[in-house]
Amino acid sequence: MIRFCKPLLLLAALSIGLAAPPAAAQTLAAVRERGFLVCGSANPLAGFAQQDSDGRWSGFDVDLCRGLAAAVFGNPDLIEFRAFRGEARFAPLQTGAVDVLMRNGAWVAGRDIRYGAEYVTPSFFDGQAFLVPQSLGVVSAYELDDVSICVVDGSGELQALDEFFFANQTSFNEVVYEEVADLMVAYRSGLCQVASASGRQLQAIRRELPDPAQHRILPERISKETLAPVVRQGDIEWFNIVRWTIFTLITAEEVGVTSLNIDSLAATRTPAVKRLLGLEDDYGAAFGLRPTFMADIIRAIGNYAELYDRHFGPQTGAAMLRGQNALWSNGGLLYAPPIR
């Protein structure tokens, strides 16, 4: 009898364990109980997340956090922002020390299937690029030939250079460094003619140069890197809230809704705009949010174009072309499912 019952008891225990909701599936409730969102990103990076002398954070990542707080609370200021340096990024997410990482390492299979974390949806497209002085007289990576290039070894970027120049039957001389920080010093000191790294890293380097306008990031990308918010696995409700925060920004740009004109659209007859603003149907209820949660996001931080221009536009002194981060209808990769 004991031998017969033990397998049944084990099966029952497994069934109960499988039926029990994962601990991670409580993020929205935990955030609301706490009264504010704990949001993080990877290493501080100019344009994405930087801290001023008074300790205040600003940047693309920070505004995405503010948009998510607006979705949850209707108040974009109910956030605590943390920048996790080095590789200490997944553990804080796993332990619940942070609710969402708005920027982590680029989205790759290994990161998406390990660490108990899930990438949500692309928020920024990037790839390996080239930073050149205007005096070099080139406007395309395909014009580069017989140049010296500063690059970090050990991250696949040197191999990408070899493949790119071999495919174009051109040549370059490598000037190899161990850390991205070295590229800034070497490029600024004239130890190489060109620096090559991800576009976001080159943009941060460019912003630190004495005259950023005298340097340009060439438009081509010779690799593909996708940045996306990361959440804990097993909480589909929170996953969807974060995902539709990003989709809201993209959709708002598509239909022409901005932080400046949103309050004048209360009488709109355009169905897509009415759904976005919560004036037709209640899409918030399915997420556990208010009917106007998408309008609250836009009112707080604007649409995707406003967000991009704020942190990478001409007023920064080092404007970066949108390129892949333009809407799909403008030749970019940004796309959001319709709200209907």
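The values are calculated or read from the model by the stated rules, or taken from the named source; none is laboratory data. If you're wondering where the values come from, they're calculated on a predicted model, not measured in any experiment. Cβ atoms come from the backbone with ideal geometry, glycine included; neighbour counts cover every protein chain shown.
Structure notes:
- Among the residues of segment 267-299, those identified as surrounded by fewer than 21 Cβ atoms within 10 Å (Cβ to Cβ) and under 15 Å from Ala71 (Cβ atoms) are Gly278, Asp282, Tyr283, Gly284, Ala285, Ala286, Phe287, Gly288, Arg290, Pro291, Thr292, Arg299.
- The listed residue being in the same structural domain as Pro212 (by TED's automatic domain parsing) and in contact with a helix residue (DSSP H, G or I) (Cβ under 8 Å, 6 or more places away or on another chain), out of Val138, Val132, Val120, Val175: Val175
- Segment 174-228 - residue that is of a type in the set (Lys, Arg) and part of a helix (DSSP H, G or I) and, of those, nearest to the chain's Cα centre (by Cα): Arg200
- For segment 25-82, filtered to residues that are aliphatic (A, V, I, L, M) and in a strand (DSSP E or B), the residue that is nearest to Leu289 (Cα to Cα) is Leu37.
- Top-ranked residue in segment 206-220 [being among the charged types (D, E, K, R) and either in the same structural domain as Gly323 (by TED's automatic domain parsing) or touching a residue at least 40 places away in the same chain (Cβ under 8 Å) (or both); ranked as surrounded by the fewest Cβ atoms within 10 Å (Cβ to Cβ)]: Glu208
- Qualifying residues in segment 100-158 (those that are polar (S, T, N, Q) and touching a residue at least 60 places away in the same chain (Cβ under 8 Å)) - the one surrounded by the fewest Cβ atoms within 10 Å (Cβ to Cβ): Ser135
- Qualifying residue in segment 80-94 (condition: surrounded by fewer than 17 Cβ atoms within 10 Å (Cβ to Cβ), out of contact with any Leu (no Cβ under 7 Å at 6 or more places or on another chain) and within 23 Å of Asp162 (Cα to Cα)): no
- Only one of Ile250, Ile236 that is in contact (Cβ under 8 Å) with a residue 60 or more places away in the chain, loosely packed, with under 15 Cβ neighbours inside 10 Å, assigned by TED's automatic domain parsing to the domain that holds Gly323 and at negative phi: Ile236
- Subset of segment 300-340 (residues that are surrounded by fewer than 18 Cβ atoms within 10 Å (Cβ to Cβ) and aromatic (Phe, Trp, Tyr)): Trp328, Tyr335
- Restricting segment 166-204 to residues that are among the polar types (S, T, N, Q) and under 20 Å from Glu225 (Cβ atoms), the residue that is surrounded by the most Cβ atoms within 10 Å (Cβ to Cβ): Ser196
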